[in-house]
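Here's the structure we're looking at; comments come further down.
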Amino acid sequence: MTCPRCRGTDAVALTTSPVPGVFTVFRCPDCIFVWRSTEPRTMTDPDHYPPRFRLTAADIAAAIEVPTIAPRR
């Protein structure tokens, strides 16, 4: 699976919908982008992903810090 955001080719299916065949959730290990198969083409198709949000390998390598997830309350 190709990642819509960085065009990495190692994206994997994380999970599927509780009702079989409704949707699949994918994750890219390179840029940490997550998307559902049911989202519009602008979120699922690399050729239609908005260029202003696209990442390159250089952008990912230059990222100084990945924000942490806040602790649960």
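Here, each number is a calculation from the coordinates, and none is a lab measurement. Predicted model, so just to flag it, every value in this text is computed and none were measured. Because the Cβ atoms are built from the backbone with ideal geometry, glycine has one as well, and the counts that use them run over all protein chains shown.
When the helices in the chain are scored as -39500 (n - 2.57) per DSSP H run of 4 or longer and the sum is shared across all residues, what 222 nm value do you end up with, to the nearest 500 deg cm²/dmol?
Numbers: 2 runs with 10 residues, N = 73.
Counting only the DSSP helices, I get -2500 deg cm²/dmol.
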Report, by chain and number, residues whose modeled amide H sits under 5 Å from the one on residue 23, excluding near sequence neighbours (fewer than 5 apart, same chain).
17
Between [x] 6.4; [y] 8.9; [z] 13.6, which entry matches mean projected area of the Cα convex hull in nm² as derived from the coordinates of this structure?
[x]
Which of the listed residues, 69, 38, 57, is farthest toward the dipole's positive end in the chain, when Lys, Arg count +1 and Asp, Glu count -1 at the beta-carbon?
69
Which residues' amide hydrogens lie under 5 Å from the amide hydrogen of residue 2, considering only partners 5 or more residues apart or on another chain, with H built in the peptide plane?
none
Between residue 38 and residue 12, what's the calculated FRET efficiency when r is the beta-carbon distance and R0 is 22 Å? Round to 0.05.
0.80
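Please compute the net charge surrounding residue 3, taking Lys and Arg as +1 and Asp and Glu as -1 over other residues with Cβ under 12 Å from its Cβ.
On the way: positive: 5, 7, 27, 54; negative: 10, 30, 45.
It works out to a net charge of +1.
Taking the Cα centre of the chain as origin, work out the dipole magnitude from +1 charges on Lys and Arg Cβ and -1 charges on Asp and Glu Cβ, in debye rounded to 20.
Values: 9 positive and 7 negative charges, 56 e Å.
Here the chain has a charge dipole of around 280 debye.
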For residue 48 and residue 69, extending 7 Å from Cα along the Cα-Cβ vector and measuring point to point gives, in nm, a value of 2.9 nm
In order over the stretch 61-70: 3J(HN,Hα) from phi, Karplus 6.51/-1.76/1.60, θ = phi - 60°, whole Hz, x for each Gly or Pro, gives 5, 7, 5, 6, 8, 9, x, 7, 8, 4
Per DSSP, the loop-located trypsin sites (Lys or Arg not before Pro) within the stretch 6-52 having at most 11 other beta carbons within 10 Å are none
